[in-house]
Each structure stands twice: as C-alpha cells, then as structure tokens.
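Participant: A single structure is presented below for examination.
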Amino acid sequence: MIDLEGPVLVTGTDTGVGKTVVTAALASLLLSRGNSVEVIKIAQTGDENDAAEITRLCGVRARALTAYPDPLAPFSAARRSGLPLLELEDVVEAASDVQSDVVLLEGAGGLLVQLGAGGWTARDLASELGCPAVVVARAGLGTLNHTALTLEALTRRVIEAAVVIGAWPAEPGLAELENLKDLPGPRLGRIPEGAAALEPEEFRRRAPGWFDLSESPDSVLDQVTGEASLLITSSGTALRMKKLMALTLGVFSAIGGFVDLGDIVASGVVGARYGLGLTWAVVLGVIGICVFAEMSGRIAAVSGTPVYGLIRDKLGPGAALVNLIASFAVTLLSLTAQIGGIALVISLASHIPHIVWVIPVGIGLWLVIWRVKFDNMERAFGLSGLTIAVFAVALWWLDPDWGALGQQVASVAPPAGEPLPTYLFYAIVLFAAAMTPYAVFFFSSGGVEEGWKPSDLRTQRLNVMLGFPLGGLLSVGIAAAAATVLLPKGVDVKTLDQVVQPAILAFGAAGLAVALFGFFAATVGAALECGLSCGYAMAQYFGWPWGKRVAPKRGARFHLTVGLCLLVGVLVVQTGVDPIQVTEYSLVFTAVALPLTYLPVLVAANDPDYAGEHVNGRLSNGLGIAVLAVIVIAAAAAIPLMILTRMGA
Amino acid sequence: MNTWHGRESVDLLTDLIDRELVDPDGLPVGRVDDIELRRRPDGLWEPVAFLTGTAALERRLPRWGRKLINRSAKLTGGPDDTRRIPFEAVTDVNTSVSITRQAAEAAASPAEERIKRKVIGRIPGAGHASQ
C-alpha cells in the first residue's frame, strides 16, 4: 500500500467523483493515527469552496492556492478570467513548506487536467514531488476503464497509487458489486454515499473505518502492465525494491560499459604480459569514470540535460559538431568491436566461424533495441554480466602465489626487460577501456529517461560508486587469472579463447560455459549501450526526440540512426576484420577523444544553471581537475605511443 | 524591474541559443538554432522569435560543417525551411526552453515526419514504446 507520509496527491478519474470528501476522510484517518495533516486545494473553480468544506468536515487547516470564478477546468477558467496561472514550482514549494507530517494535495478534475502555466497537470506535480497518488474512482458503470486509464497514466511516470471509491451506494447494484471485484489497483477504501452530510463529529469518528490499509492486492504497476513483479505492495518493501531496481541501471552501465570487449581483451593481454603490474591504470580509470559519470548524472538529475545537450550549449554548434563527429566515430568503432566480440563468443561456444554469426547478432541487437523494455534490458544483461566473476573465483581456486600478485599490484614500473613505452601504451589502453565515454552518454541519457530528480542524487551516486568499481574488480579478476595462468607460459594473448583459459583450467567445460556466458552478456550489453549512445549523441546535438521510452514512431530519426549504426557495424565486421584489433584501435581513439566530452561536463558541473545548488564542491573539483590532467596526458600520448610501439607489439 | 520568465536579464548567447526546445510533455522539438531579431522604431534590435531547423543551424557553422549538414539533410529529403517559434509561445526558460503545444506542433520537423512515414513507421511495432 502507498506511503501516507509527506505530500500525497488526491486525484480522480473524473470531476465530481468525491475527491473533496475523500480528502476530508483521509485527513480524519491520519489524525486518528496521530499524524498532523494539512490540505492544499491546488485550484478552486466556480462558486464552491472545497477547502472550507474540508475544514468543516475534518477540522484540519485547508487552503486553496488560487481560485477562478468560472466552473471550468483551471486552465480554461484562468484564461477566461484573465487571472494568472499557477506555476508548478510555486505549488511544489507550497507543498514542501508544510510542516505537518502529511500534506494532502487535492487536484482539480481528473489526473491529466491542465492546472497551470505551460499546461502542467496533477501528474506532473506528483512526479515532481515524487509522492504517491490516491485515485478517487466512481463505483458504477464505466469506472473500470477510467480507473485503469488513470492508473496507467500514473504508472508511466512511476507514481505509486491506491484507489478509493468516492461514493459507495447504500444499496449497491450488480454493476457496483462486480466492479468492486474487478477494479484495478490496490484498494485503499470506500466512502459511503452521502458521507458529507454527516455531522462533522460523526464524520471524523467513522472515517477511519472506511479505509483498509492492510488490504493489499498486487501493486498497481503489476496490475496495469503485468510487469514489475518485483514491486511488492507493502510500502517499505516497495520503496526498497524500487531503489534496488534503480541501482540496476548503474550496475548495467558498469558491466556493459566497463567490462566490454575492450576491457576483456585489454585485461587478458595485459595480465598475460605484465601480470597485475598495471592495476594502477585500472584504478585511475575507475576513479576517472566515477568522477565523469557522477558529474553527468548529477547534471541529468538537476537539469534533465544529457551530455550532448550540454556539449552543444557549452561549445556552440561548430565546436560541438567536431566533438560530435569524433565521439560518434569512436562510439561506432566500439559498437563494431562489440558486434565482432559477440560473434566471437558465439563462435567459441558453437565452433562455427564468427563470420557466420555477424548478421544474426546484428538483427538480434536491433530487435532488442526496437522491442525490449528498458528495465528488462538493464536487469538481464547487468546481472548476467556478473558471471564474469568466474575469473576471480577461478583465481581463488587455483590458489596462486598471492604474495607475488600483491607485489605486482604495488609496482608502478615495467617489469625488468620490458620497454617503458609499451608499458605506458598498455596503461593508456587499460585506462581508456575503463573510461569509455559511451558508458557516460548512456548513463546520463538513461537518467534523463528515467526522470531522475535532485532527490535521486543519492541513488545516482550509489549507482556510480557501486557499479563502476564492481566492473573494475571484474576486469582485474580477468587480468589476475591471466597473470596466474598465461604469464608463466609466456602466452601472447591474441584471441578470446586464450583469455578464457584460466576458467577452463579451474573448472573445465563448466568454467568455459560460465565465462562465455558472462562475456556474451557483457558484450551484448555494451553493444546496446554503444548503439543507443550513437543515437543519443546525434539526437541530443540536433534536438530530435530520442530514447527508448518514446515509441520508435515518435523518435524516427533517433531509431534510424541507431539502426544504421548497427548496420555499419555489422558490415564492417562482415568484411572479416579481426574484432580484437578493431577493439584495440577503438581504445586508442577513445583515449584521444576523451577530453572533448569530459571538459564540457566538468564546466557544466560548475554552472548553477545546470547543477543548481549541487554544483561541484572543492572535492569534486579537485578530483575533476586531477582526472582532467590524466585524460589530457593520455590523449596526447596515445597516438605517439601507438606508432612508437606499433600497437604495443 | 521587468522580468522575462523569472530572469531580469537574458544573455541570448549563453542563456538561449543552442538550448533545447521542449513541448509541454518535455519531449524535444528541436534546438534554438538561431534567434530572429527585429529593428524597432527606436533603432534598437529586439529578439522576437526562435528559429529551429538545419537551415537555421547551417548559417552558424563553419563552411565544412555547413556542407556536411546540408548534404546529410538532402539525403533525407531536406533541407527544410526554418521553423519559427514566436517568443509569445514560450512558457518557461530553463536549461531547456518550454513552448506551448500548438507552437511545438507547428515547429515539428518535416524530416522526422518523412522518416517516420517512409521508414520507421512501416516497421511493425513502431507505435509501441519499449518502456
């Protein structure tokens, strides 16, 4: 059941369904439970005075924020009267200023009636406040549809809701009785018809009995969409589950964006050559990506602006276009690498050459982007990617010389006999594998799509702090396993089947299966992120409608871009290029292009327009600038080192 | 002092140009690619409307960018005329510029419409958001 604490929206499936009496009854219930309550009527129209009626019935303080003389929808009534429209912010402020335990916000008319300036609705208000909604419904014919529509509209914005029947007849007919069984959503109660005619004292005495807080059928989300079965009905658990699910976005970004083909290859190659001697580069990369993602996530939460939106705004159209082309090209290259990677993983499992799998992989990826629900996508690939932990488990199983591994971790110089430039080249590759800009585009765009608010900042930070380091650990696990198994044999890692050797050595065929499953999930996740990020970057630069949450029809150019990128990736891999080499090039160019996207984000994180009161503090700026320095050095050194060492040969 | 959407002064170059235009649902309509100015009788220039569309954007790009954008617009049946959003249609100014639904519909991109009609809309399932 919903949480009756803080602001609670009281809305209806229609006008005249009994919102006012339900509000008064709810207030009485809360008073009887010892809560302090206040009521705000958002806009009063016509001659009635709902606020006074509420105060009369339940005795709590009630006020209307504005009133218009004509008995019309507030938006129309305001236009006719020439009186000013309410600003959403003012209502949010009024609701937030209330000192009582609960503030009941009574809308006007049904849920999607325009209430004020710019056409905001009661739903926008609930979404802005992050508060639950009590939906007042009729008892008779027609209510099933109205109620389902209202609940669906709330579900779209992830607003929790419960239903109250506004006027339950003393002698219910067949329709009412049947409706009572079939009415969707969790039921909070029903108010007897004519309750408003009771003496106020009687009303207050009887009101608590009209509600049943224990009755808890499946959650609204569940009933309406058949999805989100994890959302459990008791409010505390529901909230916790919701938070847990919000975390999967971060974990998904991390697994897909961190442990992608680039990371798997780089960790395998480096582990087999330098052991854990380059762990410091991974640590730098993890710190870098955390700082980068945290800033862009914060901007997304405060201003609703994704990364490319602010890049265009900060740099102007010309410089932003250069930036767009560079980042787009790098992301497309990463996408190509991932597509090749997925095909390689399938070929390792099936013993059929990877070239056969490229087109099916492309089609599969496109179908996922076209059809699969965002949350499912996040959960499925994020959680499956965790199986890459098999490398860490294999390491523990093989019980290596932990002291020697520890010494490698502590070293910051190339092992004896290894040239410094090659060592540094691989440091940059590992760093770039960690700091993939597409992960940040995806993270911040996903945050905008999920409608993050400043109140989500803590979850967002937790996402970052949990997700990316977790990804880092997984990749260090791959490197450590390679250091233990491949390094002593002097294997020069060139293919994926070399990377999975430690898992096979420890657990045989089962180890191979788990490792390949993990690689598959991670590369598919990364391919989806890359593909979507290509679309995000273009759409945000040009101002196209974008995202997975709008129907493809409404984001035609976005979906066309994503589809074409997938096609290009497929065609390139189909030519027979070595996906591992594509990956290595994509990492080098990632390093080169990083400052382009990082710098505008750092600047915007200091701009109150974008970050509001959450602008960078001293710590964030200190870290931000330190990371900038590392990024600039890596970008400047990447190409010279690549040429000098002939791709680390 | 007069304010405009809660601001006492607005810097066209840093506060308005290149910002996103959004409809009342928060969906992007385009970007402020240019701003139309009008010469007032007293000789001062007054901004009167936002312009959006690749034709407006092109004018603000270096030559290579202009060519690139122009060619890509041609590929999708453009370039289209610039759409104009009068300042009266602005409902809120933030990191994005909110405009009325009517203005948003009038400013909708013809290229988006063409691609929807000819390509994306023809694929089964185009009408479903994969939420």
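No lab work stands behind these numbers, since they all come straight from the coordinates. In this text, all values refer to a predicted model and were calculated from it rather than measured experimentally. Glycine gets a Cβ as well: all are built from the backbone with ideal geometry, and neighbour counts include every protein chain shown.
Participant: What average count of beta carbons from other chains do you get within 10 Å of the Cβ of residues in A:115-125? List each step's numbers first, then the result.
Facilitator: Working: counts 0, 0, 4, 10, 7, 4, 1, 0, 0, 3, 0.
Per residue, the average neighbour count from other chains is 3.
Participant: Let me ask something additional. Calculate log10 I(q)/I(0) of chain B for q = 0.10, 0.13, 0.16, 0.23 Å⁻¹, where I(q) comes from the Debye formula with a single equal point scatterer on each Cα and nothing for solvent.
Facilitator: -0.39, -0.64, -0.91, -1.40
Participant: Sticking with this structure for a sec: Full extension from residue A:564 to residue A:418: what is 0.36 nm times the residue separation minus their Cα-Cα distance, to one decimal in nm? Walk me through the numbers before you get to the answer.
Facilitator: Working: separation 146, 0.36 × 146 = 52.56 nm, distance 4.29 nm.
Length gained, residue A:564 through residue A:418: 48.3 nm.
Participant: Another question about this same structure. For chain A, calculate the relative contact order in percent as a whole number, restricting contacts to Cα pairs under 8 Å that are 6 or more residues apart. Can you show the working numbers first?
Facilitator: Values: 1212 pairs, mean separation 116.7, N = 649.
Computed over chain A, the figure is 18 percent.
Participant: So which GluC sites (Glu not before Pro) in the stretch A:1-96 end up in coil per DSSP with only 14 or fewer other C-beta atoms within 10 Å?
Facilitator: On the way: sites: A:5, A:38, A:48, A:53, A:87, A:89, A:93; in loops: A:5, A:48, A:87.
Within the stretch A:1-96, the qualifying GluC sites (Glu not before Pro) (loop, at most 14 other Cβ atoms within 10 Å) are A:5, A:48.
Participant: Separate question: What per residue convex hull volume, in Å³, do the alpha-carbon atoms of the protein assembly as shown yield? Spell out each step's value before the answer.
Facilitator: Numbers: hull volume 143.6 nm³, N = 780.
So the per-residue hull volume is 184 Å³.
Participant: For the stretch A:41-68 and the stretch A:504-547, write down the distance between their C-alpha centroids in whole Å.
Facilitator: Using only Cα atoms, the two centres lie 54 Å from each other.
Participant: Starting from the Kirkwood radius over alpha-carbon pairs of the stretch A:102-175, derive D by Stokes-Einstein at 4 °C in a medium of 1.567 mPa s and give it in µm² s⁻¹.
Facilitator: On the way: Rh = 13.3 Å.
The Stokes-Einstein estimate is 97 µm²/s.
Participant: Who wins for biggest fluctuation among B:29, B:97, B:48 in a Gaussian network model of chain B, springs between alpha carbons below 10 Å?
Facilitator: B:48
Participant: Can you give the local net charge around residue A:191? Use residues other than it whose beta-carbon is closer than 11 angstrom to its beta-carbon, Lys and Arg +1, Asp and Glu -1. Don't jump to the answer; show the numbers that get you there.
Facilitator: Details: positive: A:19, A:190, A:206; negative: A:193.
Around residue A:191, the charge tally is +2.
Participant: Considering Cα pairs under 8 angstrom that are at least six residues apart, work out the relative contact order of the stretch B:37-92 and quote it in whole percent. Please report the intermediate quantities before stating the final value.
Facilitator: Working: 52 pairs, mean separation 22.2, N = 56.
Once divided by the residue count of the stretch B:37-92, the mean separation gives 40 percent.
Participant: Expressed as cubic angstrom per residue, what is the convex hull volume of the alpha carbon set of the stretch A:313-411? Don't skip to the end; give the middle numbers.
Facilitator: Working: hull volume 21.7 nm³, N = 99.
Cα-based convex hull of the stretch A:313-411, divided per residue, equals 219 Å³.
Participant: Further question: Taking neighbour counts of Cβ atoms within 10 Å as a proxy for exposure, in what order, fewest first, do A:365, A:9, A:278 appear? Present the calculation step by step, with values, prior to reporting the outcome.
Facilitator: Details: A:365 23, A:9 26, A:278 29.
Ordered from fewest to most neighbouring Cβ atoms within 10 Å, A:365, A:9, A:278 come out as A:365, A:9, A:278.
Participant: Kindly state, to the nearest 0.05, the FRET efficiency for residue B:128 paired with residue A:649, given R0 = 51 Å and r defined as their beta-carbon distance.
Facilitator: 0.55
Participant: What is the spin-label model distance, in nm, from residue A:329 to residue B:114 if the labels are put 7 Å beyond Cα along the C-beta direction?
Facilitator: Here the modelled spin labels are 2.7 nm apart.
Participant: Let me ask something else about it. Taking neighbour counts of Cβ atoms within 10 Å as a proxy for exposure, in what order, fewest first, do A:36, A:296 appear? Working shown, then result.
Facilitator: On the way: A:36 14, A:296 29.
Exposure proxy ranking, most exposed first: A:36, A:296.
Participant: Shielding by partners for A:303-311, please: the mean number of other protein chain Cβ atoms within 10 Å of each residue's Cβ. Display every interim value, and only then the final one.
Facilitator: On the way: counts 3, 6, 5, 1, 0, 0, 7, 4, 1.
So the per-residue partner count for this stretch is 3.
Participant: On average, how many beta carbons from a partner chain sit within 10 Å of the beta carbon of a residue in B:92-102? Intermediate results must be reported in sequence, preceding the final value.
Facilitator: Numbers: counts 6, 0, 4, 14, 6, 0, 4, 1, 2, 3, 0.
Across B:92-102, the average partner-chain Cβ count within 10 Å equals 4.
Participant: Estimate the FRET efficiency between residue B:8 and residue B:63 by the formula 1/(1 + (r/R0)^6), using the beta-carbon distance for r and 30 Å for R0, to the nearest 0.05. Please report the intermediate quantities before stating the final value.
Facilitator: On the way: r = 38 Å, r/R0 = 1.27.
Efficiency, rounded to the nearest 0.05: 0.20.
Participant: With +1 on each Lys and Arg Cβ and -1 on each Asp and Glu Cβ, and nothing else charged, work out how big the dipole of chain A is about its Cα centre, in Debye to the nearest 20.
Facilitator: Working: 40 positive and 53 negative charges, 256 e Å.
It comes to approximately 1240 debye.
Participant: Quick one: helix A:143-156 against the long Cα principal axis of chain A, what's the angle to the nearest 10°, folded into 0 to 90?
Facilitator: Orientation of helix A:143-156: about 40 degrees from the principal axis.
Participant: While we're here: Using a basic spin-label model with each label point 7 Å from the Cα along Cα→Cβ, how many nm lie between residue B:45 and residue A:213?
Facilitator: Each label point is offset 7 Å from its Cα along the Cβ direction, giving 6.3 nm.
Participant: By count of other Cβ within 10 Å, fewest leading, how are A:202, B:8 ordered?
Facilitator: Exposure proxy ranking, most exposed first: B:8, A:202.
Participant: At 7 Å along Cα-to-Cβ for each site, give me the label-to-label distance between residue A:198 and residue A:489 in nm.
Facilitator: Rounded to a tenth, the inter-label distance reads 8.0 nm.
Participant: If a cysteine in chain A has no other Cys Cβ under 4.7 Å from its own Cβ, put it on the list, ordered by number.
Facilitator: For chain A, the answer is A:58, A:131, A:290, A:530, because their Cβ atoms have no other cysteine Cβ under 4.7 Å.
Participant: Among the listed pairs A:41/B:116; A:373/B:118; A:548/B:74; A:314/A:494, give every one whose C-alpha distance is greater than 32 Å.
Facilitator: On the way: A:41/B:116 43 Å; A:373/B:118 25 Å; A:548/B:74 27 Å; A:314/A:494 42 Å.
In this structure, A:41/B:116; A:314/A:494 exceed 32 Å between Cα atoms.
Participant: Could I ask something else about it? Could you tally the net charge around residue A:302, taking each other residue with its Cβ under 9 Å from the Cβ of residue A:302, Lys/Arg +1 and Asp/Glu -1? Walk me through the intermediate numbers first.
Facilitator: Values: positive: A:298, A:453; negative: A:613.
Residues close to residue A:302 contribute a combined charge of +1.
Participant: Using Cα-Cα distances under 8 Å and only pairs 6 or more residues apart, what relative contact order does the stretch B:1-124 have, in percent?
Facilitator: 25
Participant: With a sphere of radius 13 Å drawn around the Cβ of residue A:522, what net charge do the other residues whose Cβ falls strictly inside it have (Lys, Arg +1; Asp, Glu -1)? Can you show the working numbers first?
Facilitator: Working: positive: none; negative: A:260, A:263, A:529.
Net local charge, residue A:522 excluded: -3.
Participant: Now for a separate question. Considering only C-alpha atoms, what is the centroid distance from the stretch A:338-393 to the stretch B:22-42, in Å?
Facilitator: Here the answer is 43 Å between Cα centres.
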